[in-house]
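This report refers to the structure that appears directly beneath it.
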Amino acid sequence: MRFSWTGLILAPLLVPVIFSAAMLGFLNGDIPLLMFLILMVLSCFVSYGATIFLFLPSLYLLSAWRPMSAYKVCLLGLVLGAVVIVPLTLMEWKGSGPDSGPPTESFMVFFLRWATDPMMALCPLAGLVTAALYWWLGTWRTRRSIPLQE
């Protein structure tokens, strides 16, 4: 699959925008625009980081090995979205102790408890949506109608 700047810029942006807008309904604050921007920046770090450092290298390696289809790209996004749960949980575990200090429980116990949180189901879904959007943005210009042969 060819690299797409449009896909790189826009694909990782959709999920943070939707997530930040949806979370405003759950968070009560005096300044909703500030809350939106804070959530947007934090979720963009995760989204763009996963896209640049996980998705694009994996997509490059897989496309060099096999021809990629929309199904394979979406499956890759789903799997890498699930993989992102581990470093996010590790960061949360490091600050899970008293006064955000060292953790008091083992990582495995924390991971099993944290991974069952319904919000963690959003990571594979976000990976799937980002990968599908990257595929669509990367291929929409190259799609042309096939002329009829006479």
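The values are calculated or read from the model by the stated rules, or taken from the named source; none is laboratory data. What you see is a predicted model; the values in this text were computed from it and never measured. Virtual Cβ from ideal backbone geometry, glycine too; neighbours counted across all protein chains shown.
Screening Thr51 on (1) of a type outside the set (Gly, Ala, Ser); (2) free of Cβ contacts under 8 Å to residues at least 60 places away in the same chain; (3) in contact with a Ser or Thr (Cβ under 7 Å, 6 or more places away or on another chain) shows it passes everything except condition (2). Those helices (runs of 4 or more DSSP H) of the stretch 1-78 in which at least 3 residues are surrounded by 17 or more Cβ atoms within 10 Å (Cβ to Cβ) and touching a helix residue (DSSP H, G or I) at 6+ places or on another chain (Cβ under 6 Å), considering only elements entirely within it, cover 5-24, 32-50.
On the basis of being closer than 30 Å to Arg2 by Cβ and either among the aliphatic types (A, V, I, L, M) or modelled with pLDDT under 95 (or both), does Leu42 make the cut? Considered against the rule, which asks whether it is closer than 30 Å to Arg2 by Cβ and either among the aliphatic types (A, V, I, L, M) or modelled with pLDDT under 95 (or both), Leu42 comes out as no. Candidates Pro147, Pro124, Pro87: the one that is farther than 19 Å from Ile9 by Cα and modelled with pLDDT under 90 is Pro147. Ser69 satisfies every condition listed in (1) among the hydroxyl-bearing types (Ser, Thr, Tyr); (2) under 24 Å from Leu13 (Cα atoms); (3) at pLDDT below 90 except (3).
Here is a yes/no grid of residues against (1) part of a helix (DSSP H, G or I); (2) loosely packed, with under 15 Cβ neighbours inside 10 Å:
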{"position": "Leu90", "(1), (2)": "yes, yes"}
{"position": "Glu105", "(1), (2)": "no, yes"}
{"position": "Phe110", "(1), (2)": "yes, no"}
{"position": "Trp114", "(1), (2)": "yes, no"}
